[in-house]
Each structure stands twice: as C-alpha cells, then as structure tokens.
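Structure first, commentary second.
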Amino acid sequence: MKINLADRVLKGDVQAAARMISLIEDLSPEALAEMDSLYPHTGRAYIVGVTGAPGVGKSTLTDNLVGFFRNEGKSVGVVAIDPTSALTGGAILGDRVRMLRHSTDPRVFIRSLATRGWAGGLARAAIGAVHVMDAMGKDIVLVETVGSGQVEIDIVKAADTTLVVLNPGAGDEIQMMKAGILEAVDIFVINKADKEGADRLKADLDFMLMTGTKHPDRPSPAIVPTEAIHDKGTAELAAAIAGHRAFLEKSGGLARRRRERARLELLETVEGLVKDRIRLLDAGDFLEKLVDDLQSGRTDPRRAALELAARLAGDLNELKGPGERWTLS
Ligand SMILES: Nc1nc2c(ncn2[C@@H]2O[C@H](COP(=O)(O)OP(=O)(O)O)[C@@H](O)[C@H]2O)c(=O)[nH]1
Ligand SMILES: [Mg+2]
C-alpha cells in the first residue's frame, strides 16, 4: 500500500519528515505538491529564530533552549542553517555534535540544511523545513542561522520571536549590523557573559535602543546575558521569549506578523514560479527570438515584455492543476 508522504508527516513520522525536507532542499517540484497538502496544518508551532555571527554560541544556546522546552513538556524542532558551511566545512557537523544531547529524544527533531545553489533557494528550503516541523506537530521550532545577509534576513522574517546573539566586545559589530536585521530583533542575547566586556556591550545596546525608532509591534528588545557553555541564563532567556510571545498575543501583533508572513510567502512564491518559468523559456528559443526583435528594432522592451508575460501566463496556467504527489511504498 502506498501512503502519501504528507500524510505520514502529519502523523509525526520522523522518517517521512526527513525525506520531505530533503526533497525541499533539492528544490524538487514534486515536493511543492506535497507541501500544498501540509500547508493547511501549519500555524500552530511557535517559531523562534536564533541568529548571529559564526562562533557566538548559537548552537550551544539552541541546545540549552531545547532542554528547557523539553522540561516544560513541549515537543521541539530545530532547523540549523549555515550558508557558509560549504566554505568552512565543519560548522554543521559541529552543530550535530553539540546537539547530540537531544538527538535520541523522540520529541526532538533536528535538521541541518547546508547550502545548495543560490541563497534564495536556501531560504525557501528553510521556510519549507519549518512548515514541515510545524505540520508534524512540534510546539516550538527553533531556527538557527548564521549571520550572512539575505538568507539571514529572510529567515528572521519567518520567525515569531527573533534572537540576535552577540558576544562581549561586539560594540563595533552592532554599529555595522544590517538594517533588515536590526529592525527585526526581539531579544538581544549577550552570550559568553563570562568574558570581559559584557557590561559594556549591554550599555552600548541600551544606548542604541534608547536612541532608535520605536515600533508598535515591537516592544523595546530585552537584553539577556547568558553563559551557554554553563547552561546559565537559559531560564531567563526562555522567560524573555515567553514574555515577547505574550506581548504579541495580547497586542494582536502575532496575527499581524503572521499575516505579513503569508503575504511575503505568496509574493515570493509568485516570484519563484515566474523566475523558474523564465529559466525554462531561456532554454527554448522564445526568449532569443524576442531579444532578436528587440535588438533589430522590430519591437520595444515594453511590448516584448508583455508578449513574454502573456506566454508565461499560459505556461503558469498549466501549473494550476493538482501536482504529482510523492509516495513512499
Ligand atoms: N566562554 C564561553 N564559550 C562559549 C559559550 N557559549 C558557547 N561557547 C563556545 O563557543 C564556541 C562556538 O559555539 P557554537 O554554539 O558552536 O556557536 P555558533 O557557531 O554560533 O553555533 C564553542 O566552542 C562553545 O563551546 C559561553 O557562554 N562562554
Ligand atoms: Mg552553530
């Protein structure tokens, strides 16, 4: 008997979930069809993003939080993303080792995503993996991502609460932090508070927050010192996350954030569909012919673009039917 992958994920089947995430990671179009049937079952998990430079202690902190939430009886998913791992080689492996503590716990599901292809693909895969963990019934999904431009910003947008992890001595770093990240910070974590300069960093952050712009959906971010290697500050950090969540739920900010996320996901999916289709056209001669016409002055960019758009509309219309579904026998 064949059972759909998505149905197995919904029952919490770890193997099916792992397979599904691999398919998403490979950007397999068939995985998208499976995702269609998972999507209605998402939106229950609370998503916490953990971001910051390599080596600040994100994985150690994430591991501590997993332990804390498990003690509260919650089930937890972890998506660890490292766009730099192709260069450094060992980062993801390191994460696996650090999170080994929970790897045999059936209520913890940990998945690392390595970089494949372009950054947009990785962000898409990460958001897909979060949906899978959400649909399989995890109460909390932690998303660890290394600070690296666009991927980081995209992941940050996908979280309900975003933690930015810094270390003592990072005063200059906060000056250079990308605007897209800074605006999205809900909690600053000063990890390695055992090292010199933690108080100084806290003062720098306090000053920055005092002078920065305020946003109704964002209370001034909490600043939490931690010593992740000693599992110190974990309860305080979890309390800050719970506090932020309570604020969002009470103010209606959570619903607004999630609505904004749905909008973004819709627009990004359209963009992805159109780009993929243009790439397919690129392989044929339709595009080349338009370029010829354009170059020889037989048409103009706007007319050529409309012609291309009409062709894409026809191609995209064919995608509207129910997609192929993946099955495991
Ligand atoms: N001194 C100190 N070292 C820490 C602390 N937390 C993590 N580390 C160490 O920092 C290194 C990087 O930690 P990791 O969690 O892999 O950082 P990530 O790259 O941000 O995921 C490891 O050697 C940790 O043991 C801390 O609170 N104090
Ligand atoms: Mg890590």
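Structure values in brief
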quantity: Kyte-Doolittle at least -0.5, axis length at least 18 Å by Cα - qualifying DSSP helices, the chain; calculated: 58-71, 119-135, 198-211, 234-251, 301-317
quantity: Restricting segment 226-329 to trypsin sites (Lys or Arg not before Pro) in coil, as DSSP defines it, with at most 12 other Cβ within 10 Å; calculated: 298
quantity: Contact order normalised by residue count of the chain, Cα under 8 Å, 6+ apart, percent; calculated: 21 percent
quantity: Rg and Dmax of segment 262-328, Cα atoms only, in Å; calculated: 15.0, 54
quantity: Ellipticity estimate at 222 nm from DSSP helix runs (n ≥ 4, -39,500 (n - 2.57)) divided over the chain, nearest 500; calculated: -17000 deg cm²/dmol
quantity: Where N is the number of residues in the chain, Cα Rg divided by 2.2 N^0.38 Å; calculated: 1.10
quantity: Rg/Rg_ref, segment 221-321, where Rg_ref = 2.2 N^0.38 Å and atoms are Cα; calculated: 1.94
quantity: Unsatisfied cross-links (Cα-Cα over 24 Å) in the set 58/202; 58/275; 74/214; 157/214; calculated: 58/275; 74/214
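Quick note: the coordinates plus some simple rules give every number you see, no bench work behind them. If you're wondering where the values come from, they're calculated on a predicted model, not measured in any experiment. Here the Cβ is made from the backbone with ideal geometry for all residues, glycine too, and neighbour counts use every protein chain on show.
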